């Protein structure tokens with residue numbers, strides 16, 4: 001294991017970003033009677049802030065100050081924030097999703113200062129250790145994280161996750177069941193309603209599936225493109241900071257409990273830090289891998305006790321009955337506020353879910 005593993009951005013990358021932003025060409029669309037994507041005025045303001053006022057080095061200093069380590073013995077190196085508490089305290093593994101990174105959990109870390117916390121940068125995502133494959137499927141990431149946790153000396157742990165992290169968490173619990181003592185999830189993977197549906201759904205479950213398919217038709221274009229044409233999409237987003245900002249910021253607006261106002265969930269600097277993390281590490285294309293690689297979920301119902309905290313403005317919230325088909329649900333709490341990035345938007349409520357999972361974990 002290598003300590004002090006954070007890698008700072010080369011100055012040439014920052015100069016290249018500045019040059020590209022100075023040459024931004026904003027492209028309009030025809031008049032439509034429906035939302036066409038990111039708000040052009042918001043994007044223009046953010047791009048000017050990025051060019052003229054945003055200070056990456058100040059953000060980088062804060063991120064670098066976390067206790068970063070990188071595993072070396074496992075086949076896939078994993079770079080992670082590892083904040084150790086007393087040796088007798090339980091271990092919590094926090095798994096992020098897309099289009100975010102370990103930064104999703106910055107507001108939660110101080111609320112969990114009495115337990116050991118591990119926050120891996122998932123392979124292919126910002127701040128991650130480079131790997132030959134570039135990125136991994138959710139199952140591949142689960143195997144890499146499991147090996148990393150063993151190398152770090154953590155044989156048993158609670159896993160807390162959202163979004164893509166939920167897919168990784170589920171695979172971890174299925175493939176390394178002795179290690180995962182409990183789960184805390186904010187959503188049931190959409191892959192469960194997109195394929196292999198049970199035939200005995202009740203009315204509430206059928207309504208959920210119908211809602212999920214409507215959401216996919218209206219909002220899920222990003223997922224289909226990232227799954228089917230990741231290489232084509234990556235060229236544009238990886239070559240244009242304006243394109244990358246548009247792709248990500250639209251999600252930061254639409255997926256949060258912000259009522260369409262980015263400033264209710266992120267300051268300009270916060271949003272641009274999340275976007276810059278992808279741009280400066282060159283990981284937008286590799287972050288598509290879990291969408292494109294897929295991977296069969298060929299395991300039975302997860303038997304680790306699972307706590308769900310469901311936030312009202314998340315993407316497509318499953319009912320408890322549907323979740324119980326795939327998980328041993330130990331507790332279920334629904335919140336009237338909060339969206340897809342719950343650990344960022346509602347850190348206290350998210351931390352409650354982590355602590356509840358610690359209470360119900362096996363062998364506590």
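Since every read-out is calculated from the coordinates, none of them should be taken as a lab result. Predicted model only: the values in this text are computed from it and were never measured. Every residue, glycine as well, gets a Cβ built from its backbone with ideal geometry; the counts of neighbours run over all protein chains shown.
Normalising the Debye intensity of region 266-309 to I(0), with uniform scatterers on Cα atoms only, and taking log10 at q = 0.29 Å⁻¹ returns -0.98.
Based on alpha-carbon atoms, the Kirkwood radius and the radius of gyration of region 19-119 give Rg/Rh equal to 1.13.
Between residue 156 and residue 218, full extension at 0.36 nm per residue minus the direct alpha carbon distance yields a gain of 18.3 nm. Note on residue 83 and residue 321: the model spin-label points, each 7 Å out from Cα along the C-beta direction, lie 4.1 nm apart.
In terms of the mean number of neighbouring beta-carbon atoms within 10 Å, the peptides 156-162, 306-312, 72-78 order highest first as 156-162, 306-312, 72-78.
With equal scatterers on the alpha carbons only and no solvent term, can you work out the Debye log10 of I(q)/I(0) for region 231-364 at 0.11, 0.13, 0.16 1/Å? Result of the Debye calculation: -0.55, -0.75, -1.02. Over all directions, the projected convex hull of the C-alpha atoms in the chain averages 17.7 nm² in area.
Normalised by the number of residues in the chain, the mean separation of alpha-carbon contacts (under 8 Å, six or more apart) gives a relative contact order of 20 percent. Using a Gaussian network for the chain with springs between C-alpha atoms less than 10 Å apart, which of these wobbles most: 106, 218, 270? Looking only at 106, 218, 270, the largest GNM fluctuation is found for 218. log₁₀ I(q)/I(0) of region 219-276 at q = 0.12, 0.18 Å⁻¹, via Debye over equal Cα point scatterers, no solvent, to two decimals? The computed values of log10 I(q)/I(0) come out as -0.31, -0.67. Each of the peptides 142-152, 41-51 was scored by the mean count of other Cβ atoms within 10 Å over its residues; in descending order, highest first, they stand as 142-152, 41-51. Treating r as the C-beta distance of residue 113 and residue 33 and R0 as 41 Å, the FRET efficiency rounds to 0.25. Binning the C-alpha pair distances of region 124-254 at 10 Å intervals from 0 yields a P(r) profile of 10, 31, 35, 21, 3 %, listed from the shortest bin outward. Using a simple spin-label model with points 7 Å from Cα along the Cα→Cβ vector, what separation in nm is obtained for residue 195 and residue 4? Modelled inter-label distance: 4.5 nm. Here the Gaussian network model covers the chain, with springs between Cα atoms less than 10 Å apart; of 112, 21, 32, 32 fluctuates the most. Think of it as helices only: each DSSP H run of n ≥ 4 in the chain is worth -39500 (n - 2.57), and spread over all residues that comes to -13000 deg cm²/dmol at 222 nm.
Computed from the Cα positions only, the extents of region 85-192 along the three principal axes stand at 36, 30, 29 Å, in decreasing order.
Bridge orientation summary for the chain: considering DSSP beta bridges with both residues in this region, about 25 percent are antiparallel.
Within the listed set 345, 70, 178, the Gaussian network model of the chain (springs between alpha-carbon atoms below 10 Å) gives the highest mean-square fluctuation for 178. Residues within the reach of a label modelled at residue 334 (point 7 angstrom out along Cα to beta-carbon, backbone nitrogen below 12 Å), restricted to region 207-238, are 208. The modelled label-to-label distance for the pair residue 298/residue 26, using points 7 Å beyond Cα in the direction of Cβ, is 5.1 nm.
Explain nothing, just the number: relative contact order of region 201-343, from Cα pairs under 8 Å at least 6 residues apart, as a whole percent. Rounded, it is 28 percent for region 201-343.
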